[in-house]
Amino acid sequence: MSVHVPLVLFDSGLINDNQIRVNSDNFRGGQLAAKALVDGGAKKIIIEHGAYQFLNLKERLDGATSFLNERNIQYKLFEVSDFTYETAQLDSVKLLNQFNDFDGIIAANDIHASCLLENARKHGLESPKDFQLIGYDNSYISELTNPGISSISQEPENMGQMTARLLLAAIDNSPVKSSTVIPVEYIKRSTSR
């Protein structure tokens, strides 16, 4: 006896299989973050990224590096192990000790961006005067910091609503698209020019 269990995956990366998936446009998000820094004059960029086996994170990194490669902009990579506050604190100290010649950072998320802002001050660096900073997620953290963090919005409400609609359709055995991509948006605040 086989049992059909409706399943909708979200934020899993664009995999071409028979699963129903909802993702934000991670590749475009990476491009938008890189473009914002370059448009503000950045020429030496650090990109924080997660582990490559997470496809959504790899897509984001690929978007940023493809944009920078096309424009011959220097960049260096810094891998973060996770996206928690504790790790962000440790990673921001490591990054700032490892690199001293940069004028832009694409943070792994808004938590990492806020820790970078805080620890950069201890190194005598201010954003956007000394370096531009772009976060990711457009979470409430990006609005609470001083200065406010420019960020890429993944439209989590839209992603959640679409996932719920597709799951309900799958439960009703209605035809659904196997892959849905939610657009992302660059939200400019005070850490970019």
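The values are calculated or read from the model by the stated rules, or taken from the named source; none is laboratory data. Here the structure is a predicted model, which is why all the values come from computation and not from measurement. Methodologically, a virtual Cβ is constructed for each residue, glycine included, from the backbone with ideal geometry; neighbour enumeration extends over all protein chains shown.
Of the numbered conditions (1) over 21 Å from Ser178 (Cα atoms); (2) out of contact with any Lys or Arg (no Cβ under 9 Å at 6 or more places or on another chain), His49 satisfies every one except a single condition; which is it?
Against the list (1) over 21 Å from Ser178 (Cα atoms); (2) out of contact with any Lys or Arg (no Cβ under 9 Å at 6 or more places or on another chain), His49 comes up short only on (2).
Go through (1) closer than 27 Å to Ala169 by Cβ; (2) under 16 Å from the mean Cα position of the chain (by Cα); (3) surrounded by 21 or more Cβ atoms within 10 Å (Cβ to Cβ) one by one and return the number of the condition Ile45 breaks.
Failing condition for Ile45: (1).
Would segment 4-18 turn up any residue that is more than 19 Å from the chain's Cα centre (by Cα), modelled with pLDDT under 95, surrounded by 13 or more Cβ atoms within 10 Å (Cβ to Cβ) and of a type outside the set (Val, Ile, Thr)? Talk me through it step by step, then tell me what you get.
Of all residues in segment 4-18, those more than 19 Å from the chain's Cα centre (by Cα) come to 4-8, 16-18.
Filter once more, keeping what is modelled with pLDDT under 95: 4-8, 16-18.
Among the residues that remain, those that are also surrounded by 13 or more Cβ atoms within 10 Å (Cβ to Cβ) are: 6, 8.
Narrowing the set further to residues that are of a type outside the set (Val, Ile, Thr) leaves 6.
There is at least one residue in segment 4-18 that is more than 19 Å from the chain's Cα centre (by Cα), modelled with pLDDT under 95, surrounded by 13 or more Cβ atoms within 10 Å (Cβ to Cβ) and of a type outside the set (Val, Ile, Thr).
Tell me yes or no: at least one residue of segment 88-109 is among the acidic types (Asp, Glu), surrounded by fewer than 19 Cβ atoms within 10 Å (Cβ to Cβ) and assigned to a helix (DSSP H, G or I).
no
Given (1) within 18 Å of Asp130 (Cα to Cα); (2) assigned to a loop (DSSP other than H, G, I, E, B), where does Tyr75 come up short, assuming only one miss?
Of (1) within 18 Å of Asp130 (Cα to Cα); (2) assigned to a loop (DSSP other than H, G, I, E, B), only one is false for Tyr75: (2).
Could you list, in sequence order, the residues of segment 160-180 that are aliphatic (A, V, I, L, M) and either surrounded by fewer than 17 Cβ atoms within 10 Å (Cβ to Cβ) or part of a loop (DSSP other than H, G, I, E, B) (or both)?
Once the filter is applied, which keeps residues that are aliphatic (A, V, I, L, M) and either surrounded by fewer than 17 Cβ atoms within 10 Å (Cβ to Cβ) or part of a loop (DSSP other than H, G, I, E, B) (or both), segment 160-180 yields Ala164, Leu168, Ala169, Ile171, Val176.
Might you check whether a residue that is under 19 Å from Arg28 (Cα atoms), touching a residue at least 40 places away in the same chain (Cβ under 8 Å) and surrounded by 23 or more Cβ atoms within 10 Å (Cβ to Cβ) occurs anywhere in segment 181-189?
yes
Which of the residues that make up segment 42-56 are among the hydrophobic types (A, V, I, L, M, F, W, C) and part of a loop (DSSP other than H, G, I, E, B)?
If the condition is that a residue be among the hydrophobic types (A, V, I, L, M, F, W, C) and part of a loop (DSSP other than H, G, I, E, B), then Ala42, Ala51, Phe54 are the ones that fit.
Is at least one residue of segment 57-70 in a loop (DSSP other than H, G, I, E, B), out of contact with any Gly (no Cβ under 6 Å at 6 or more places or on another chain) and surrounded by fewer than 17 Cβ atoms within 10 Å (Cβ to Cβ)?
No - not one qualifying residue is present in segment 57-70.
Exactly one of these conditions fails for Gly135: (1) under 18 Å from Ala33 (Cβ atoms); (2) surrounded by fewer than 17 Cβ atoms within 10 Å (Cβ to Cβ). Give me its number.
Answer for Gly135: the failing condition is (2).
Identify, please: which residue in segment 110-159 is in a strand (DSSP E or B) and not polar (S, T, N, Q) and is, among those, farthest from Phe27 (Cα to Cα)? Walk me through how you get there before you give the answer.
Here is the first cut: in segment 110-159, the ones in a strand (DSSP E or B) are 132-137, 150-153.
Those left that are additionally not polar (S, T, N, Q): 133-137, 152.
On the way: Leu133: 18, Ile134: 15, Gly135: 15, Tyr136: 13, Asp137: 14, Ile152: 12 Å.
The selected residue is Leu133.
Mind checking which residues of segment 19-41 are part of a helix (DSSP H, G or I), under 12 Å from the mean Cα position of the chain (by Cα) and touching a residue at least 40 places away in the same chain (Cβ under 8 Å)?
Listed by number, the residues that qualify are Asn26, Arg28, Gly29, Gly30, Leu32, Ala33, Ala34.
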